[in-house]
Amino acid sequence: PDQPLHSIDLLDDLERRCVVEGFNATSVEYARELTVLDLFSEQARLRPEAVAVVDGDRKLRYGDVDAASNRLARYLIGLGAGPERVVGICLERSAELIVALLAVFKTGGAYLPLDPDHPEERLSFMLWDAGADLIVTSRVLEAGVPVLAGEGRHCVVLDEPGVAHQISVLRETAVMPAERLAPMSPDNLAYIIYTSGSTG
């Protein structure tokens with residue numbers, strides 16, 4: 001009863017090794033030159049019929065997501081998206097959000113997630129600071145967050161009929177390196193995240 005708590009070992013040597021060393025032995029070999037996009041594309045090639053995204057009652061297969069993101073990537077490349085260019089994405093959690101993220105990766109660009117619930121001043125700062133002048137969004141969010149369509153910015157409104165049609169007629173095959181505005185590599189910027197400061 002007189003022994004201080006800090007001097008009591010709760011684990012024996014075997015348990016300590018297991019917790020300190022065993023649980024932390026998470027290093028695995030992997031192909032470091034591969035990107036998230038490479039890994040997704042491989043799954044789409046190997047399992048095109050497998051479900052990749054569930055959005056409410058909708059289920060999109062890997063092949064569908066791959067094709068849709070290829071079409072959107074070509075559209076974004078036509079607007080100047082490419083390596084080291086930041087594309088803002090302001091969409092609700094949905095299948096379209098996943099397609100948009102992959103499409104930006106396929107251009108070689110970096111995505112900037114934009115939460116429509118953030119104050120307009122914060123969104124405006126994020127867009128300015130990141131240099132994002134191309135934004136992927138929806139009609140509802142474009143109307144509800146006026147800063148998205150600010151001066152010098154181009155909004156790709158995915159559910160606007162004219163834009164949706166232009167995207168739908170583009171090729172759904174893989175985006176080839178020659179189609180991109182510049183070569184891309186695993187070292188390219190992938191995303192920019194702004195935090196409140198309290199989350200690190």
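No value in this document is a laboratory result; all are computed from the given coordinates. Just so you know, these numbers come straight off a predicted model, no measurement behind them.
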Given backbone amide H placed at 1.01 Å from N, residues whose amide H is under 5 Å from that of Val156, ignoring those fewer than 5 places away on the same chain, are Ile135, Val136, Thr137
Karplus-derived 3J(HN,Hα) from phi for segment 154-171 (6.51 cos²θ - 1.76 cosθ + 1.60, θ = phi - 60°), whole Hz, x at Gly and Pro, runs 10, 9, 9, 8, 4, 9, 7, x, x, 5, 4, 5, 4, 5, 5, 8, 6, 5
Of all C-alpha pairs within segment 1-116, those more than 25 angstrom apart amount in percent to 46 percent
In units of 2.2 N^0.38 Å, the Cα radius of gyration of segment 141-190 is 1.55
To the nearest 10 degrees, the tilt of helix 120-130 (Cα long axis) against the first principal axis of the alpha carbons of the chain is 90 degrees
In degrees rounded to 10, the 0-90 angle between helix 95-107 Cα long axis and the longest Cα principal axis of the chain is 80 degrees
Under 5 Å from the placed amide H of Ala52, counting only residues 5+ away or on other chains, we find Leu60, Arg61, Tyr62
With Rh as the Kirkwood radius over Cα pairs, segment 63-200 has Rg/Rh of 0.95
For segment 12-20, Karplus-derived ³J(HN,Hα) couplings (6.51, -1.76, 1.60; θ = phi - 60°; whole Hz; x for glycine and proline) come out as 7, 4, 5, 5, 4, 4, 4, 6, 6
Stretched fully, the stretch from Ala25 through Leu181 gains (0.36 nm per residue minus C-alpha distance, one decimal, in nm) 52.1 nm
Scoring segment 34-173 by relative contact order with C-alpha pairs under 8 Å, at least six apart, yields a percentage of 23 percent
In whole angstrom, the spacing between the Cα centers of segment 154-177 and segment 103-144 equals 18 Å
Applied in sequence order to segment 44-53, the curve 6.51 cos²θ - 1.76 cosθ + 1.60 (Karplus, θ = phi - 60°) yields integer Hz couplings, x standing for Gly and Pro, of 5, 6, 6, 9, x, 8, 6, 5, 9, 9
Which residues qualify? For Val87, with a placed amide H closer than 5 Å and at least 5 residues away or on another chain, they are Ala110, Tyr111, Leu112
